[in-house]
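Taken together, the values in this text are just the output of simple stated rules run on the coordinates, not laboratory data. Computed from a predicted model, the values in this text were never measured in an experiment. Here the Cβ positions follow ideal geometry from the backbone for every residue, glycine too, while neighbour counts run over all protein chains shown.
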Amino acid sequence: MPFDRDRFVADCVASLDEDDPQAAIQDHLARAVSEHAAVLAELGEPASAGLDVLVASPRLTMFAAKWAPNMTLSPHNHEMWALIGLYSGREDNIFWKRTAQGLRAGGASALFPGDVASLPRDVIHSVNNPLPRFTAGLHIYGGDFFDTQRSLWDAETLTEQPSNGEIVRAIFEAENAKLQRR
């Protein structure tokens, strides 16, 4: 069955008024990426790193995240619930915890096409595309991803720094610049 981008967006937006919008939207996402080849056919094979925004509103942000080959995003938080549904490649997540000694790794998961991860509002995670090709997934957030102040931790020192949607977009653009130099 083909993936219909507009229908998917409409179904997710309509689910915002459910008792548990994250669970309701997760159901839509799981159905969509279960046919990951159809999502890839509709959204296209990634050719650059970036965020193809499907919805950006105060209550919901949805985008297709395209990770460059071997791209890593340092530990970060969202300050809102999140869902990730992979439709191409692989995404490795390390989950982090705040401790008295600072940020410490506390678990990991690998997502493959068809997998969905549900992340709580307070999660801190880092993301890695370990493959020598692009990875792509649908990312859905219960709020305005681009206009929410949050944190990004330095990859080497794990020092917390302010972050927001523009900083994340700049990270993806830097990855594209690296690809241009190769």
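Using beta carbons and a limit of 6 Å, which pairs, at least six apart or on different chains, have the first residue in region 55-67 and charged (D, E, K, R) and the second one in a strand (DSSP E or B)?
These pairs meet every condition: LYS66/GLY50; LYS66/ALA136.
What are the residue pairs meeting all of these: first residue in region 25-49, first residue over 24 Å from LEU179 (Cβ atoms) and in contact (Cβ under 8 Å) with a residue 24 or more places away in the chain, second residue buried (at least 21 other Cβ atoms within 10 Å of the Cβ) and hydroxyl-bearing (Ser, Thr, Tyr), Cβ atoms under 6 Å, and 6 or more apart or on different chains?
VAL33/TYR87
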